[in-house]
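Okay, so here's the structure we're looking at.
The values are calculated or read from the model by the stated rules, or taken from the named source; none is laboratory data. These numbers were taken from a predicted model, which means no experiment stands behind them. Note that each Cβ is placed from the backbone with ideal geometry, even for glycine, and that neighbours are counted across all protein chains shown. Side chains included, ligands, DNA and RNA excluded: accessible areas come from the protein's heavy atoms. Shrake-Rupley method; radii C 1.70, N 1.55, O 1.52, S 1.80 Å.
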Amino acid sequence: MRGGNNNVIKPWWMLIPLWGLDIPLVALAWGVLIAALFSIPMLTFGPLLLLFSMVWVYVLFTRVTRAMMGREVPYAEYYLGHAFLMLLVALCAFFATLWMLFFSVGQYLIAFFTVPLMISVVAHMPFLKKVPFFRELGLSVAFVFACAVPSYFYSFMYSPLHMLQNKHLWCLCVLFFLFQVEKARPLAGEAGERTAVWVPFGMALFFTACLYMLVQVGNGYEQHFYGSLCIATAFLHVLGRMRSRFQQDVWFSFHWGMMALPALLSISIYAPETWFH
């Protein structure tokens with residue numbers, strides 16, 4: 001496979017993360033976990049497929065366009081070399097998503113997807129890029145709210161405003177904010193050293209807060225949810241400590257996928273029984 005102006009050969013196991021397919025898969029895992037938190041009795045394929053396609057289109061489009069504009073993006077030469085094909089695939093997926101919205105799943109979801117879309121647009125504003133960790137925070141909130149859209153669709157009783165008022169979702173936003181910061185942390189230099197100090201401290205505080213919520217909440221699904229956040233935080237801490245041992249290709253290939261494992265573990269343990277009938 002060619003990338004940029006050089007003959008850059010990428011291993012086959014890098015295709016999934018290079019094409020941005022790992023991030024929508026993680027979104028699916030946490031989206032189903034949020035549905036369990038909401039005690040949704042039955043899941044259908046449409047809204048989950050819509051979540052996957054929306055996240056995938058966004059990831060693929062932003063990576064290619066950022067590479068074309070000369071902005072920092074991992075493996076920019078690969079995206080420049082495959083820009084036409086990737087944009088064509090993203091366009092086809094976008095029109096398929098619109099078809100699902102208007103003719104299959106329901107236009108009702110548009111209002112909910114508008115919330116994460118607007119947040120992600122603000123996170124990419126050029127005049128805000130100098131604000132420390134603003135982009136990581138905005139993308140984390142947009143990702144979590146996108147994951148929650150199918151659950152709000154299944155509930156049939158909430159408005160998009162309720163997404164901004166849900167404390168459980170904001171707790172999940174903190175987890176993915178810590179993940180985004182750790183993911184973007186330089187391995188060398190003063191900035192990397194500072195981040196390496198306060199991120200583990202933030203993880204410890206967040207773990208303590210989730211443990212407190214685990215004890216305080218009375219609902220069984222909420223207890224399992226905060227237990228999942230505790231597991232994910234510990235998992236993220238271990239990943240951060242081991243990051244320097246991995247080559248760049250390996251880290252890029254699996255770091256997003258690893259964030260799906262805590263959600264998948266929790267789903268297998270406490271998913272509603274009606275999902276399996």
Query raised in the report: Cα centroid distance between the range 100-115 and the range 234-270, in Å?
Result: 31
Report task. Taking only Cα atoms and a 10 Å spring cutoff, compute GNM fluctuations for the chain and point out the largest among L161, L80, L265. Result -> L161
Query raised in the report: Using unit Cβ charges (K, R positive; D, E negative) and no other charged atoms, how large, in debye to the nearest 20, is the dipole of the range 1-154 about its Cα centre?
Result: 320
Report task. Return one whole number: the accessible area per residue of the chain in Å², for a 1.4 Å probe. Result -> 51
Query raised in the report: When the Cα centres of the range 147-173 and the range 11-40 are compared, how far apart do they sit, in Å?
Result: 18
Report summary line: Per its Cα gyration tensor (rounded if a/c is under 1.5, else prolate when a/b beats b/c, else oblate), the range 45-167 is best filed as oblate
Query raised in the report: Which of Q107, Q180, Q247 moves most in a GNM of the chain, Cα contacts under 10 Å?
Result: Q247
Query raised in the report: Once semi-axes √(5λ) of the Cα gyration tensor in Å is worked out from the coordinates, which option in (i) 29, 20, 18; (ii) 29, 25, 17; (iii) 33, 21, 17 does it equal?
Result: (ii)
Query raised in the report: Quick one: ranking T97, T44 by accessible area, 1.4 Å probe, largest first, what do you get?
Result: T44, T97
Report summary line: The FRET efficiency for T274 and V217, from their Cβ-Cβ distance with R0 = 30 Å and rounded to 0.05, is 0.85
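Determine the order of R66, R241, R71 by accessible area, beginning with the largest, at a probe radius of 1.4 Å.
In descending accessible area the options line up as R241, R71, R66.
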Report task. Could you tell me the accessible area of M68 in Å² (1.4 Å probe, neighbours in place), rounded to the nearest ten? Result -> 110
Query raised in the report: Just from its helices, what would the mean residue ellipticity at 222 nm be for the chain, if runs of 4 or more DSSP H residues each count -39500 (n - 2.57) and the sum is divided by every residue, rounded to the nearest 500 deg cm²/dmol?
Result: -24000 deg cm²/dmol
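Can you give me the % of accessible surface on the chain that is carbon or sulfur? Probe 1.4 Å, all protein chains present, nothing else counted. Before the final figure, lay out each step's value.
Values: 9870 of 14110 Å².
Heavy-atom surface of the chain belonging to carbon and sulfur, 1.4 Å probe: 70 percent.
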Query - Exposure ranking of E136, E182 by accessible area [1.4 Å probe, largest first] - result: E136, E182
Query raised in the report: Mind listing the phi-derived Karplus ³J(HN,Hα) values for the range 253-259, rounded to whole Hz, using 6.51, -1.76 and 1.60 with θ = phi - 60°, and x for any glycine or proline?
Result: 6, 10, 5, 6, x, 5, 6
Report task. Can you tell me the FRET efficiency between S39 and E190 if r is taken as the Cβ-Cβ distance and R0 is 35 Å, rounded to the nearest 0.05? Result -> 0.15
Query raised in the report: Top mean-square fluctuation among A232, A111, A27, Gaussian network model of the chain, C-alpha springs under 10 Å?
Result: A111
